[in-house]
């Protein structure tokens, strides 16, 4: 195959030489002599002037022009060869890259799941406004971009978001144990289910991407402080156990109804105290931010006033 390609290239060069000689007005018998002797580009490059003269090329101008033409062809051929080598090398590099990527995707004979870049944002419920408000970066929020498996469900993504925004299970608004979490879209609406082809299906990242048709996916972790009315504050076993079982436990523990009620009230008071402290911290944070803004505005006004006074003094100077 390589020899055939080389032969075709030689014939092409010989044809170019003959065409050039025709443009110079060289007679056909001399051109036929070049064809017979197979005087292609490389042969002419190595030939001496007297050898070209024997082939019938007796004019010095024709010889110089032919050598210049052959030199250009040789340079172009060299550039094409370099370009071909570069393309071949690039092709090998790309092939090796694909093979390495394929090997990385295989682990213990299994192909790793496909991933999707997702922007996660934390929004917290403002008790006064009764609406979710984005948590700023300096409060532990902001926008975080992570790669998540396409088959991840709602709980998976909530878990990832909590691991990012709640360091060691804590935040500026309190520990995660005292909060209820959800997953929402950009309208802060719950997306526990996805409607595809008229059918409501459980949320997965794959279904959400197919539904929204968005290149960049942004999901919102919603959080709110549990109130005393929230059933989530009670242990599931507490309100699912039959009354007879609860009585049996109280009997075994040696507690009567009054003592049980007293302990429950104590726990509720402790939770009220925690929530109250969190609210106080939040209000204090708002007041601090407000004071900083007012201080900054005052500094700006002072600078503006000084500039005005300086300009007035300059105008009074003759």
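A few points about this structure:
- Efficiency of FRET between residue 313 and residue 285 - r from beta-carbon atoms, R0 45 angstrom, step 0.05: 0.60
- Least to most buried among 179, 115, 214 (fewest other Cβ within 10 Å first): 214, 115, 179
- Taking a ≥ b ≥ c as the square roots of the eigenvalues of the Cα gyration tensor, region 115-225 is classed as prolate, since a/c reaches at least 1.5 and a/b is larger than b/c.
- The label-point distance for residue 201 and residue 164, in a model that sets each label 7 Å from Cα toward Cβ, rounds to 2.4 nm.
- Stretched out straight at 0.36 nm per residue, the stretch from residue 264 to residue 48 would grow longer than its current Cα-Cα span by 66.6 nm.
- Residues 200, 188, 40, ranked from the fewest to the most other C-beta atoms within 10 Å, line up as 200, 188, 40.
- Between residue 64 and residue 214, residue separation times 0.36 nm minus the direct Cα-Cα distance comes to 47.4 nm.
- Projected label distance in nm at residue 85 and residue 272, using a 7 Å step from Cα toward the beta-carbon: 8.6 nm
- By the count of neighbouring beta-carbon atoms within 10 Å, fewest first, 276, 65 end up ordered 276, 65.
- Förster radius 35 Å - calculated FRET efficiency between residue 94 and residue 15, Cβ distance, rounded to 0.05: 0.50
- In nm, spacing of pseudo-spin labels at residue 114 and residue 190 (7 Å Cα→C-beta vector): 3.0 nm
- Stretching residue 130 away from residue 147 to a fully extended chain increases their span by 3.0 nm, per 0.36 nm per residue minus the current alpha-carbon distance.
No value in this document is a laboratory result; all are computed from the given coordinates. From a predicted model like this one, the values you see are computed outputs, not experimental measurements. As a convention, Cβ positions derive from the backbone with ideal geometry for all residues, glycine included, and neighbour counts pool all protein chains shown.
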